[in-house]
Each structure stands twice: as structure tokens, then as C-alpha cells.
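K.L.:
Please see the structure below; I have some questions.
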Amino acid sequence: MANDPVDEVKQFLEDNWDPDLTVEEWWQRLGRSGWAAPSWPEDAYGRGLSNADAARVQRAMAEFGALGPGGGLGLLLAGPTIWTHGTPEQKERFLPDIVTGQRAWAQLFSEPVAGSDLAGLQTRAERDGDEFVVNGQKVWTSSAHIADWGMLLARTNLDVPKHKGITWFAVDMHQPGIDVRPLRELTGRALFNEVFLTDVRVKAEDIIGGLDNGWAVANTTLAFERAGLGAGAADQASSNAQPGTVVGHLDKRAGDFVRARRSGMTFSAGSQLMIDVARDLGKSGDPLVRQQIARLHMEQEIGRYMTLRHKDLRKAGQDLPGFGNLAKLRMSEMMRQSRELGLELLGARGMLHDYDETQPQEESALYSAVTDLALWSPGPSIYGGTDQVQRNILGERVLGLPREPGDERSTPFRDLRKNA
Ligand SMILES: Cc1cc2nc3c(=O)[nH]c(=O)nc-3n(C[C@H](O)[C@H](O)[C@H](O)COP(=O)(O)OP(=O)(O)OC[C@H]3O[C@@H](n4cnc5c(N)ncnc54)[C@H](O)[C@@H]3O)c2cc1C
């Protein structure tokens, strides 16, 4: 019988974890050994584990007290897209820097008039010898201000229907012509940005998945986004360190970035936070509160069973169509339920939020986790495709319902009516 990966990772940590290493040194060990991305294939710096086993490995790492992998959009999206569609040379060039956190990535997909209608994007990439010249505007670009590389979707052919003339490029974010401007959200943070691209250069060799084939490649990126976010990837990491050359964490002491598991409440929707708040406020005996906590708990459990079912089906060579879309919809619903319950528990206190993260207020950390969650809660039902878009995909691609009417699948992009 194969070894349990949790035992293996514990042994690896016993032999290798040292809080006095720099973040860079530690992530080199972690990434090169396959433990930074254990669900990735073995020939792509992973260990070929199921998502459920990979999550167990992450939990084991957190419980051990070691710094987890850097996370970010490189591990979540760019890496899986590149090992799915990239050439062997591209995998060798990009993946090591992703699993070792040396380079950070951003996703330059959405545009002011192309969000749900992503295939309507208007950023142009025009060939110039061995390079392409890119002009256009992106928006809602998470982490663009700290990114070394961008996953860029641009239009390379106007004379074919809109889904057929798009290309997925890896673009170097450190070059003139890329102007990143922060956008502040309700939480007070500026997680995402507008990105203006003016005569930006991209090498033809940095096209991932082939010229004009970007729609298929982008769908891979989005499938990993939905499945990853639906699985609550952001909740699991035991790392406060961020990847890439811009943030400046790589040469710092690794031990200083280990996050205590309990403090990772930001963005997490779950019954445990609500139980803690209800107890703290002396409301855990209230039957209505108990009922809502139980409802949230059931939602979580349904998600867990669905993941187990998906895993078993995959083992048997089958699939659960729409699993990623359903997982993401469930995550959005849990965020909404958590927000409603959390704000109900807090009452008038729910109108106050601790915006200043440089001055953490210990006594109100639990309550701030709830208000932070409430302010963040609209996000998950928008990013990675809105709830309505997930339902459209389930309807059309899983249930086989008729597509939305229109001639966009046959009309060249040049002749389509544009939103703006
Ligand atoms: C926190 C956050 C982070 C993000 N990070 C990134 C990122 O890193 N990179 C990136 O590229 N993008 C990012 N996005 C953008 C995100 O992908 C888009 O906001 C999303 O796809 C929706 O597009 P839109 O904002 O243009 O809304 P629109 O497409 O204008 O939608 C407006 C409303 O109309 C509904 N709607 C639209 N079309 C249909 C339809 N056909 N059927 C039914 N309803 C429809 C939508 O559901 C929505 O309610 C992020 C967004 C958020 C909130």
C-alpha cells in the first residue's frame, strides 16, 4: 500500500523545516520537493495527489508550524494552466519559479466591457516579428501591483468569431507601458487594480496553448479558479508571506511569517467562526442562532461530501460535471449565510469595522473578522464568473439547455456590435 502523504510530508518537515532559513531558501526546498503544489502532476513539480489529500497535506504543514507555500495566483491559476497547455520548455521556464514563490502572477482577463462576456475583450495584440505589441485596458486585476508576470488575454484575430481570435500570453509585468492603478474595495484594502497597457511587448514564445487558442486555455484557468476558490483554497495556507520580487518577503526570516491557524479568519466563511462569536457574546444557547449555525455547518458538510464523491468518481475514471461551478456557487452561498448570521449576532456592533490593519485591536479581533467577512462577502459571487454565469454554464454545458440566442458564434468579431 502507498505511504500516507501526511506521514511523508511530516517526515519532510522534520528533516527540512528551519524557521531561521530565509523565505526564499525554505520555498526552494518546499517547491523542489513537490510539497508546495502536491496536487500537481509529478512531472510538473507536484506529487500527483488528489485535491482532498493535498488539503490534508496543507493542514499537516500548518499543524506542524512550518511556513506554507506562497500561494497567490501563480500556484492557483498560472501553474495549472501552464502544465496543462504549455510546451516542455515553457513548463521548465515558468513552473519552478511558481512553486518556489520566486515570481508572483496576476490575471489580466477582465476589461471594463468584458467581464461576464469575457470573450468580448478588446485588448489587441498585434504581431511585430518575433513579438506582439499589446494595447488595451484591464480592470479588477487582483495583485497586479505585486506581480512579476501576468496571464494576459488579448485579441489576436478580428476576422473570426469572438471566441476564436483570443490568445493567452505570459507577459512580463516589469516593463514600460504597463501602468497599474489601485482600486480600493469595501474592506478598505486595495486588492485589485486597473491596468493600462500601452505598446507592451510580449514574445511569441510566451504564448501558452497556441495562437488564437486562448479561449480554451482561459477556460482551463477559470476551471482551476472555480474549483480552487470553491474548495476554500485561501483558508488553508499557513503563510503570511507573499511570493514574488515586489513584496520583498523572500529575503526575510521564514519563521516570522508562519500564521497561527486560528488567526486566518479573514475571507473564511464557516460555522466555527460563528460558534466562537456566539459563545463570546453569550448567544450560543439561542435556538434561532443554533439553527442558523447548524444550517451553515450542513452546507459545509454537503460540500465536503461532494468533494469526496468527486474524488471517488475521478478514481474510477468518471467525473462530476459542473463540480467546479457548483463548488463556487456553494462558497458564495456560505459567504452570504455567514454574513447574515454574523451581522445578526453582532447587532449594532456590526456597523463598526477595524479598518486600520497596522493597529490590530486584540479585544475586537473576532468581531472584526465578522465585519471583514461581511464587507468582503459580495466578492466571491462575482470573481471567477458571477453566480448567474455559473448557472448559465451549468444550464448550457451540463444540463444541455439551449444556448443564449444570437449570432456571436458565427459572426467575425470585427462585425459584432460592441458594448462600447
Ligand atoms: C474581488 C474580485 C477580484 C477579481 N479579480 C480579478 C482578477 O484578478 N482578474 C480579472 O481578470 N478579473 C477579476 N475580477 C473581475 C471578475 O471576474 C468580474 O467582475 C466578473 O467576471 C463580472 O464581470 P463584470 O464586473 O464586468 O460584471 P458584468 O459582466 O457587467 O455583470 C453585471 C451583472 O450582470 C449579470 N450578467 C451578465 N451577463 C449575464 C448573462 N449572460 N446572464 C445572466 N446574468 C448576466 C452578472 O451576473 C452581474 O450580476 C475580480 C472581481 C472581484 C469582485
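What follows draws every value from the coordinates through simple rules; no lab data is involved. Given the structure is predicted, the values throughout are model-derived calculations rather than measurements. Here the Cβ is made from the backbone with ideal geometry for all residues, glycine too, and neighbour counts use every protein chain on show.
K.L.:
For the chain, with a Gaussian network of springs between Cα atoms less than 10 Å apart, report the residue from Leu346, Leu75, Leu121 with the top mean-square fluctuation.
P.N.:
Result: Leu346 has the largest fluctuation of those listed.
K.L.:
Which distance in Å, rounded to a whole number, links the C-alpha centroids of the stretch 152-222 and the stretch 23-64?
P.N.:
28
K.L.:
Report Rg (one decimal) and Dmax (nearest whole number) for the stretch 54-126, counting Cα atoms only, units Å.
P.N.:
16.1, 50
K.L.:
Which number comes out as Rg/Rh for the stretch 158-226 once both Rg and the Kirkwood Rh are worked out on C-alpha atoms? Walk me through the numbers on the way to the answer.
P.N.:
Details: Rg = 14.9 Å, Rh = 14.3 Å.
Looking at the stretch 158-226, the ratio lands at 1.04.
K.L.:
Next question, about the same structure. Net charge near Phe413: determine it from the other residues with C-beta under 10 Å of the C-beta of Phe413, scoring Lys and Arg +1 and Asp and Glu -1. Kindly include the intermediate steps, with their values, before the conclusion.
P.N.:
Values: positive: Arg155, Lys162, Lys164, Arg414, Lys418; negative: Asp159, Glu408, Asp415.
Result for the local shell: +2.
K.L.:
Using a Cα-Cα cut-off of under 14 Å, which aspartates and glutamates could be cross-linked to Lys10, ignoring same-chain neighbours fewer than 8 residues away?
P.N.:
Asp18, Asp53, Glu63
K.L.:
Could you tell me how far the Cα centroid of the stretch 368-404 sits from the Cα centroid of the stretch 91-122, in Å?
P.N.:
Taking the Cα centre of the stretch 368-404 as reference, the centre of the stretch 91-122 is 20 Å away.
K.L.:
Same structure again: 222 nm [θ] for the chain, helices only, -39500 (n - 2.57) per DSSP H run of 4+, per residue, to 500? Write out the running numbers ahead of the final one.
P.N.:
Values: 12 runs with 158 residues, N = 420.
Result for the chain, helices only: -12000 deg cm²/dmol.
K.L.:
Follow-up question, since we're still on this one. Give the cross-link partners of Lys138 among the lysines, using a straight C-alpha distance below 22 Å as the criterion and excluding same-chain residues fewer than 8 apart.
P.N.:
Within the straight-line limit of under 22 Å, Lys138 reaches these lysines: Lys162, Lys164, Lys203, Lys418.
K.L.:
Starting from the Kirkwood Rh over alpha-carbon pairs, what translational D in µm² s⁻¹ does the chain have by Stokes-Einstein at 37 °C and 0.692 mPa s?
P.N.:
On the way: Rh = 22.7 Å.
Here the translational diffusion coefficient equals 144 µm²/s.
K.L.:
Ala44: net charge of surrounding residues, Cβ under 11 Å, Lys/Arg +1, Asp/Glu -1, itself excluded?
P.N.:
Values: positive: Arg47, Lys91; negative: Glu42, Asp43, Glu92.
Within the 11 Å Cβ shell, the charges total -1.
K.L.:
Below 8 Å between Cα atoms, with a sequence gap of 6+, how large is the relative contact order for the chain in percent? It would help to have the intermediate numbers written out before the result.
P.N.:
On the way: 746 pairs, mean separation 70.1, N = 420.
Once normalised by length, the contact order is 17 percent.
K.L.:
Test of understanding: express the Cα radius of gyration of the stretch 72-217 as a ratio to 2.2 N^0.38 Å, with N the residue count. Kindly include the intermediate steps, with their values, before the conclusion.
P.N.:
On the way: Rg = 14.4 Å, N = 146, 2.2 N^0.38 = 14.6 Å.
Relative to the 2.2 N^0.38 Å estimate, the stretch 72-217 comes out at 0.98.
K.L.:
Can I ask one more? Using the Cα atoms as the points, what is the convex hull volume per residue of the stretch 291-420 in Å³? Each step should come with its number before you reach the end.
P.N.:
Details: hull volume 27.8 nm³, N = 130.
Considering the Cα atoms of the stretch 291-420, their hull volume per residue is 214 Å³.
K.L.:
Hey, if you put +1 on the Cβ of every Lys and Arg and -1 on every Asp and Glu Cβ in the chain, which of Ala60, Ala114, Gly214 ends up farthest toward the positive end of that dipole?
P.N.:
Farthest towards the positive pole: Ala114.
K.L.:
Let me ask another. Along the charge dipole of the chain, which of Thr187, Ser332, Trp27 sits closest to the positive end, that is, farthest toward it, with unit charges on the beta carbon of Lys, Arg, Asp and Glu (+1, +1, -1, -1)?
P.N.:
Of Thr187, Ser332, Trp27, it is Ser332.
K.L.:
Ok, one more. For a quick check of your reading of the filter: which GluC sites (Glu not before Pro) in the stretch 73-176 sit in a DSSP loop and have no more than 16 other Cβ atoms within 10 Å?
P.N.:
When the GluC sites (Glu not before Pro) of the stretch 73-176 are filtered for loop state and at most 16 Cβ neighbours within 10 Å, nothing remains.
K.L.:
To make sure I understand, if each residue's beta carbon is the centre and we count other beta carbons within 10 Å, what order do Ser239, Ser332 fall in, fewest to most? Don't jump to the answer; show the numbers that get you there.
P.N.:
On the way: Ser239 26, Ser332 23.
By the 10 Å Cβ count, ascending: Ser332, Ser239.
K.L.:
Rounded to the nearest 20 debye, what is the charge dipole size of the chain about its Cα centre when +1 sits on each Lys and Arg Cβ and -1 on each Asp and Glu Cβ?
P.N.:
Numbers: 47 positive and 58 negative charges, 244 e Å.
Using Cβ point charges on Lys, Arg, Asp and Glu, the chain gives about 1180 debye.
K.L.:
Taking the Cβ of each residue in Phe109, Phe257 as the centre, tally the other Cβ atoms inside 10 Å and list the residues starting with the fewest.
P.N.:
Phe257, Phe109
K.L.:
For the charge dipole of the stretch 131-259, defined by +1 on Lys and Arg C-beta atoms and -1 on Asp and Glu C-beta atoms about the Cα centroid, which residue among Ile146, Pro176, Val160 has the Cα displaced farthest towards the positive pole?
P.N.:
So the residue we want is Ile146.
K.L.:
Dipole magnitude of the stretch 103-200 about its Cα centre, charges +1 at Lys/Arg Cβ and -1 at Asp/Glu Cβ only, in debye to the nearest 20? Could the numbers behind the result be given before it?
P.N.:
Working: 10 positive and 13 negative charges, 73 e Å.
Roughly 340 debye for the stretch 103-200.
K.L.:
Rg/Rh for the stretch 79-160 to two decimals, with Rh computed the Kirkwood way over all alpha-carbon pairs. Please list the in-between numbers first.
P.N.:
Values: Rg = 14.1 Å, Rh = 14.2 Å.
Radius of gyration over Kirkwood radius for the stretch 79-160 works out to 0.99.
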